[in-house]
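**Student:** Provided herewith is a single structure, encoded as structure tokens, for subsequent inquiry.
The values are calculated or read from the model by the stated rules, or taken from the named source; none is laboratory data. Everything numeric in this text was worked out from a predicted model, so none of it was measured. Cβ: placed from backbone, ideal geometry, glycine included. Neighbour counts: every protein chain shown. For the accessible areas, the whole protein counts, side chains as well, though only heavy atoms, and no ligand, DNA or RNA atoms are used. Shrake-Rupley method; radii C 1.70, N 1.55, O 1.52, S 1.80 Å.
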Amino acid sequence: MTEVDLLQKRGINSRKYILKDNKIIVDVKSLRKNDKYEVKLDQLGFDIHYRSDNTIPGKLFFCVCITLIIALTILYIFTTQVNQGTLIFNYIIWGTIASIAYFKQHQDDIYLTGGQTTLVFYRDIPQEKNVLEFIEKIKTNTRIYLKEKYTNFDNIFSEHDFYNRINWLKDMKIINSSEYAEYKSNFEINRLL
């Protein structure tokens, strides 16, 4: 398999994922921290979870701040009720608050969960479809890796260990019913030899 990667940038923050045969390399950079680590594919799960903040109050507050600035500007231009010092003071206060409301990054993420390690992706960067396709590639590679790792049976495997493995693989939907039956019959034949 060739390397597949996904780069996500939101403002000054970035998340980069490089998918390899048996692991994924995660590189997360933000203003406060830089993390780079590897996750083995057998530590990942197959469940997708969405998590996002309610951004409506923040958007409303941003609109109120901008409306106040516009209203004060109109009052200053057309009336004498607002002096220049008050106008500048309010520009600074409401402009700063509006800037913070505009630039504050809200959480809108997709989580790949169900294993020992959870991966977090921006939901819509570059697009949600691209992110979900990349997650599906991770899940597909994880299934292939687990199938290769846990279906190598030899004569030293006990019957109990064998059935634990193939039952787990079937429960995790890594192998289907026909593959289950094939592994079971091959194990029985090899055991008799």
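**Student:** Which of the listed residues, SER52, PHE162, LEU132, is farthest toward the dipole's positive end in region 52-193, when Lys, Arg count +1 and Asp, Glu count -1 at the beta-carbon?
**Tutor:** Value: SER52.
**Student:** Another question about this same structure. Of LEU192, ILE70, ILE25, whose Cα points farthest to the positive end of the dipole of the chain (charges on the beta-carbon: +1 Lys, Arg; -1 Asp, Glu; origin at the Cα centre)?
**Tutor:** Among LEU192, ILE70, ILE25, the one farthest towards the positive end of the dipole of the chain is ILE70.
**Student:** If R₀ is 45 angstrom, what is the calculated FRET efficiency for the pair HIS106 and GLU159, using the beta carbon separation as r and rounding to 0.05? Let's see the in-between values first.
**Tutor:** Details: r = 53 Å, r/R0 = 1.19.
Efficiency computed from Cβ-Cβ geometry: 0.25.
**Student:** Modelled label-to-label distance, ASP27 and TRP168, 7 Å Cα→beta-carbon offset: nm?
**Tutor:** 3.3 nm
**Student:** Anything in the chain that counts as a DSSP H helix reaching 30 Å or more along its axis (C-alpha) with Kyte-Doolittle mean of at least 1.0? List them, would you? Write out the running numbers ahead of the final one.
**Tutor:** Values: long enough: 56-78 (33 Å, 2.30); 128-150 (32 Å, -0.91).
Helices passing the filter in the chain: 56-78.
**Student:** Could you check how much of the accessible area of the chain is carbon and sulfur, as a whole percent, using a 1.4 Å probe? If you can, show how the numbers build up before the last one.
**Tutor:** Values: 6990 of 12640 Å².
Carbon and sulfur atoms account for 55 percent of the accessible area of the chain.
**Student:** What is the calculated FRET efficiency for LYS184 to GLN43, with r their C-beta to C-beta distance and R₀ = 45 Å, to the nearest 0.05? Write down the numbers at each step before the final one.
**Tutor:** Numbers: r = 27 Å, r/R0 = 0.61.
Rounded to the nearest 0.05, the efficiency is 0.95.
**Student:** Given H placed 1.01 Å from N in the peptide plane, which residues other than close sequence neighbours of ASP5 have an amide H under 5 Å from its amide H?
**Tutor:** LEU19
**Student:** Which order do SER14, SER185 take when ranked by solvent-accessible area (1.4 Å probe, heavy atoms of all protein chains), largest first?
**Tutor:** Working: SER14 20, SER185 55 Å².
Largest to smallest exposure gives the sequence SER185, SER14.
**Student:** What three numbers, in Å, describe the spread of the alpha carbons of the chain along their principal axes, ordered from the longest?
**Tutor:** In descending order, the Cα extents are 102, 27, 23 Å.
**Student:** In addition: Which chymotrypsin sites (Phe, Trp or Tyr not before Pro) in region 138-173 pass both tests, a DSSP loop state and at most 16 other beta-carbon atoms within 10 Å? Could the numbers behind the result be given before it?
**Tutor:** Numbers: sites: TYR145, TYR150, PHE153, PHE157, PHE162, TYR163, TRP168; in loops: PHE153, PHE157.
Counting only loop positions with at most 16 other Cβ atoms within 10 Å, the chymotrypsin sites (Phe, Trp or Tyr not before Pro) in region 138-173 are PHE153, PHE157.
**Student:** Calculate the all-directions average of the projected area of region 1-115's alpha-carbon convex hull, and give it in nm². Walk me through the intermediate numbers first.
**Tutor:** Values: hull surface 40.1 nm².
That works out to 10.0 nm², a quarter of the Cα hull's surface.
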